[in-house]
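The structure appears below as structure tokens.
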Amino acid sequence: MNTTRCSSVPDETGITGRVEVEFCRRGERTIVERQQFLGLLRMSRPVYRREGTCPEVQLIHLGPGAMDGDDYEQRLTLGSGAMAVVGFQSYAKVLPGAVGATQRTSITLGSESYLTMRPNVVIPYSHCTYTSVTDIYAEDGARAIVADVLTAESTQAAELDCNLVSLTTRLFRPNGFVLRDCIQVGRHSLSRGHIWSSEFPVLGSVILVGAGRHVENALHQVVESIDPAKAQVGVSYLVGAGVVIRIMAGRVQFVEQVIERVSHILEADAQRQSFEVEQAGVVSE
């Protein structure tokens, strides 16, 4: 039985928008156990994939974009063995402002859970300031693909005319902090506004939480098959964290295509691992 609870109430703390979602496994199926939202953030009703066992939802922003002074919070929780796909209804437009907008995302992954986080495409406008921090708390056996995509306002620009855009992802294991990955661009960053490549104005950053060394080897085969005129891809394996991928491309669609192929590899590996765990349980019984 789905016990989803929804609310939309004024926030007295000044938060512009908040959404909290909890996924729980019930038998062979994952359900949306709880959802709560307020302000300008919402969540769609779940659509079930993979023979009706995996919910896919979209996070929805009701405003024109992240405006000066906005403050957003997102909290996603997957219980043990749960599986979910989370996407975004539209690109994240960061509008001008000296004070800037902030977004804090907290992702909690129970043991043997699996999360696919669709790319959040960030479009920084001139003179904008934006800080996004994503904290991932992963139990043993948890898998996730979490991606950010940053694109220049103009494909012809050699510089980003924004103050500062900072995208940080941190990963925590039960025994402590294991990874901090950060991208900063803009006039107040170390790059002083220069974009990563005028030929490839779209930058993708992907973290495969829990991926092993064998996944890295499979990803290198994917990289070799990519047309270098469309995208440049780098893959790094980090012990205890997983695999970090950087993608530079001429169009957002090229980055999304690479992420989709990467997602298939991680999903297949997670299914293989789940099967091995189940078989080990049968043998022990």
Checklist entry - Do the conditions hold for Ser113, that is, is it surrounded by fewer than 22 Cβ atoms within 10 Å (Cβ to Cβ) and either small (Gly, Ala, Ser) or closer than 14 Å to Glu20 by Cβ (or both)? => result no
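Residues are listed down the side, and each one gets a yes or a no for (1) under 20 Å from Ala138 (Cα atoms); (2) at pLDDT below 95; (3) not hydroxyl-bearing (Ser, Thr, Tyr):
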| site | (1), (2), (3) |
| --- | --- |
| Val57 | no, no, yes |
| Glu73 | yes, no, yes |
| Gln89 | no, yes, yes |
| Lys93 | no, yes, yes |
Next on the checklist: Checking the condition modelled with pLDDT of 90 or more, part of a helix (DSSP H, G or I) and within 16 Å of Tyr114 (Cβ to Cβ), which residue from Val262, Val206, Val243 passes?
Outcome noted: Val262
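With respect to Tyr130, determine if the residue is among the aromatic types (Phe, Trp, Tyr), out of contact with any Gly (no Cβ under 8 Å at 6 or more places or on another chain) and in a strand (DSSP E or B). Quick ask: steps written out before the conclusion?
Details: among the aromatic types (Phe, Trp, Tyr): yes; out of contact with any Gly (no Cβ under 8 Å at 6 or more places or on another chain): no; in a strand (DSSP E or B): yes.
Answer is no for this residue.
Can you name the residue in segment 80-101 that is of a type outside the set (A, V, I, L, M, F, W, C) and outside any loop (DSSP other than H, G, I, E, B) and, of all such residues, is surrounded by the most Cβ atoms within 10 Å (Cβ to Cβ)? Spell out the reasoning first.
Pass one, segment 80-101, residues of a type outside the set (A, V, I, L, M, F, W, C): 80-81, 87, 89-91, 93, 96-97, 100.
Filter again for outside any loop (DSSP other than H, G, I, E, B), leaving 87, 93, 96.
Values: Gly87: 14, Lys93: 18, Pro96: 16.
Here the residue is Lys93.
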Checklist entry - Considering only segment 185-203, how many residues are in a loop (DSSP other than H, G, I, E, B), hydrophobic (A, V, I, L, M, F, W, C) and surrounded by 14 or more Cβ atoms within 10 Å (Cβ to Cβ)? => result 3
Checklist entry - Among the residues of segment 17-34, how many are in contact with a Ser or Thr (Cβ under 9 Å, 6 or more places away or on another chain), under 15 Å from Thr105 (Cα atoms) and without any contact (Cβ under 8 Å) to a residue 60 or more places away in the chain? => result 2
Next on the checklist: For segment 42-71: of the residues being in a strand (DSSP E or B) and in contact with a Lys or Arg (Cβ under 6 Å, 6 or more places away or on another chain), which is farthest from Tyr130 (Cα to Cα)?
Outcome noted: Glu56
Item to check | Pair list, Cβ under 6 Å, 6 or more apart: segment 211-227 residue over 21 Å from Met248 (Cα atoms), other residue at pLDDT 90 or above and outside any helix (DSSP H, G or I) | outcome: Ala211/Gly242; Ala211/Val243; Arg213/Tyr237
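Residue by residue through segment 246-259, note down the ones that are assigned to a helix (DSSP H, G or I) and open to solvent by 20 Å² or more (accessible area, probe 1.4 Å). So that I can check it myself, show each step before the final result.
From segment 246-259, those assigned to a helix (DSSP H, G or I) are 252-259; that's our starting set.
Those that are assigned to a helix (DSSP H, G or I) and open to solvent by 20 Å² or more (accessible area, probe 1.4 Å): Gln253, Phe254, Glu256, Gln257.
Filter segment 1-21 for residues that are over 24 Å from Gly65 (Cα atoms) and open to solvent by less than 60 Å² (accessible area, probe 1.4 Å); which is modelled with the highest pLDDT? Explain how you work it out, then say what you get.
Filtering segment 1-21 down to residues over 24 Å from Gly65 (Cα atoms) leaves 1-5.
Still in the running and open to solvent by less than 60 Å² (accessible area, probe 1.4 Å): 3-4.
Working: Thr3: 41, Thr4: 44.
Per the criteria, the residue is Thr4.
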Checklist entry - Scanning segment 133-151 for residues that are open to solvent by 10 Å² or more (accessible area, probe 1.4 Å) and without any contact (Cβ under 8 Å) to a residue 60 or more places away in the chain, which turns out nearest to the chain's Cα centre (by Cα)? => result Asp148
Next on the checklist: For segment 204-245: of the residues being open to solvent by 70 Å² or more (accessible area, probe 1.4 Å) and hydrophobic (A, V, I, L, M, F, W, C), which is farthest from Ala147 (Cα to Cα)?
Outcome noted: Ala229
Checklist entry - Of everything in segment 22-60 that's in contact with a Gly (Cβ under 8 Å, 6 or more places away or on another chain) and among the aromatic types (Phe, Trp, Tyr), which residue is surrounded by the most Cβ atoms within 10 Å (Cβ to Cβ)? => result Phe23
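The values are calculated or read from the model by the stated rules, or taken from the named source; none is laboratory data. Remember, predicted model here, so these are calculated numbers, not experimental data. Every residue, glycine among them, receives a Cβ derived from its backbone with ideal geometry; neighbour counts consider all protein chains shown. These area figures cover heavy atoms from the full protein model, side chains too; ligands, DNA and RNA do not enter into them. Shrake-Rupley method; radii C 1.70, N 1.55, O 1.52, S 1.80 Å.
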